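Working notes, beginning with the structure itself.
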Amino acid sequence: MDENQQSIDPEFRDEYQKIKSDIKRVAITNILFLLLLIGVYFANQKFDFLSRLERFF
């Protein structure tokens, strides 16, 4: 039974940790970006500032 269990190679353990932290960072960044977009959408619905901003361009 012990022969079938594979442990993580110590050589790659640091790489796996870096990949895990990068994935967490990307996920958090995407969630924050999505929340920002949702906030801008609802703020625009209430204050209509994007159409006023379009006039400058």
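The values are calculated or read from the model by the stated rules, or taken from the named source; none is laboratory data. Predicted, not measured: the structure shown is a model, and the values here were computed from it. As a convention, Cβ positions derive from the backbone with ideal geometry for all residues, glycine included, and neighbour counts pool all protein chains shown. Only protein heavy atoms, including side chains, enter the accessible area calculation; ligands, DNA and RNA are left aside. Shrake-Rupley method; radii C 1.70, N 1.55, O 1.52, S 1.80 Å.
Observations
- The residue pairs whose first member lies in the stretch 7-28 and is of a type in the set (Ser, Thr, Tyr), whose second member is open to solvent by less than 90 Å² (accessible area, probe 1.4 Å), and whose beta carbons are closer than 7 Å, counting only pairs six or more residues apart or on different chains, are 16/8.
- Matching residues in the stretch 24-37 - criterion: being within 8 Å of the chain's Cα centre (by Cα) and among the hydrophobic types (A, V, I, L, M, F, W, C): 26, 27, 28, 31, 32, 33
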